[in-house]
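Notes for the one structure printed next.
Every number here is computed from the coordinates shown, using simple stated rules; none is lab data. Computed from a predicted structure; not experimentally measured. Cβ placement follows ideal geometry from the backbone for every residue including glycine, while neighbour counts extend to all protein chains displayed.
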């Protein structure tokens, strides 16, 4: 899964790829303010990472079958096991990759 932040909004790409998860920021490198604004509906920026709302991911992925939902739950469980999940906000940590 790739969350793309550009033009003041976020969108999900490669929803079927549950083996990788990152945020592609199409802003000048280090422009966390713009990334944060783009993530207003999808999550937030904190500690140099993006935190993407689990519910937003499910919604942005659109209708999916039971196998996808099971695999998504496994991805969330893996993130939790690595400390990449914030329980209070139900958000998954994503590494930010910069592309102008």
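Some notes on this structure:
- With Cα atoms defining each centre, region 19-63 and region 65-86 are spaced 17 Å apart in the structure.
- Here the spin labels are modelled as points 7 Å beyond Cα on the Cα-Cβ line, and at residue 97 and residue 69 they lie 3.0 nm apart.
- Highest average packing first - 18-27, 79-88, 56-65, Cβ atoms within 10 Å: 18-27, 56-65, 79-88
- Global geometry of region 42-82, whether rounded, prolate or oblate, following the gyration tensor of its Cα atoms and the 1.5 cut on a/c: oblate
- Cα gyration tensor shape of the chain, rounded if a/c is under 1.5, else prolate or oblate by comparing a/b with b/c: prolate
- When each of 70, 34 is scored by the number of other beta-carbon atoms lying within 10 Å, the sequence from fewest to most is 70, 34.
- Computed FRET value (nearest 0.05) for residue 28 with residue 89, which takes r as the C-beta separation and R₀ as 22 Å: 0.25
- Rounded tilt (10° steps) of 66-81 against the dominant C-alpha axis of the chain: 60
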